[in-house]
Amino acid sequence: MTTRPWMPMLLAAGLLFTVAACSSDDEVSGAEGSASAGSPSAPAESSPAAPSLEEQQIEWAGRVCISRDRLTEQVTSLGQNLEFDLGLDASVLDQLDRQLRLQVLRVGSAASDLGTVLVTAPVDPADANDWLLSFTEAQEDLQSAVDTTTGHLDAMTSADGLADGLSEGLAAVTAGVAAFEAGKALVSTAQDTYEQAREEFAPAFAAAPQCQSDASAPGA
């Protein structure tokens with residue numbers, strides 16, 4: 001077979017290209033391996049530490065003070081706004097419905113909030129039940145008066161005539177007064193419950209920023 005003069009050159013060029021390609025692949029692979037080996041792995045995110053029992057008690061004490069003060073404020077506000085001029089103008093019925101309904105519902109909401117906070121006391125459930133027994137009874141009396149008030153307001157707004165509307169409006173105001181009295185009784189019961197709580201958790205109430213006002217601070 002005749003060997004053409006250009007074939008050795010072509011074979012040599014192909015061999016050179018193959019060697020160069022393999023060398024390039026090895027370098028890239030080695031570089032990637034070095035980069036991978038040298039890059040630090042992302043640190044695992046650590047979960048936040050659960051609050052200690054002491055921190056839980058302080059947080060709970062703060063919520064008790066906030067809720068108790070809000071209940072006192074709403075009951076006081078209701079007592080100061082129970083005078084309505086039930087004239088012969090039908091617009092007074094709308095005014096009565098807006099103002100009285102809003103106020104009694106706020107009192108009921110504040111009472112419910114405080115009860116919700118108290119039931120989460122970080123103590124043995126049996127102790128919490130002892131605290132909540134009298135509070136729950138007083139809260140039920142208040143809620144009954146709130147429901148009676150809103151019931152008369154509903155009847156007032158759906159009355160056929162002005163006379164019937166005014167009659168239901170007067171009954172709503174009377175029920176609102178009863179809600180105010182029930183609210184005062186609940187505030188007194190809440191204070192007794194608060195005293196028991198701060199006796200049990202004196203350090204927590206002393207440390208809670210929300211309990212440092214003259215009205216809320218332990219020992220006040």
So, relative contact order of the stretch 53-211 in percent, Cα under 8 Å, 6 or more apart, is 37
Farthest towards the positive end of the dipole of the stretch 53-211, among W60, A190, N81 and with Cβ unit charges of +1 on Lys and Arg and -1 on Asp and Glu, lies the Cα of N81
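Each value in this text was obtained by applying a stated rule to the coordinates, not by laboratory testing. For clarity, every value in this text was computed on a predicted model and none was experimentally measured. Here the Cβ is made from the backbone with ideal geometry for all residues, glycine too, and neighbour counts use every protein chain on show.
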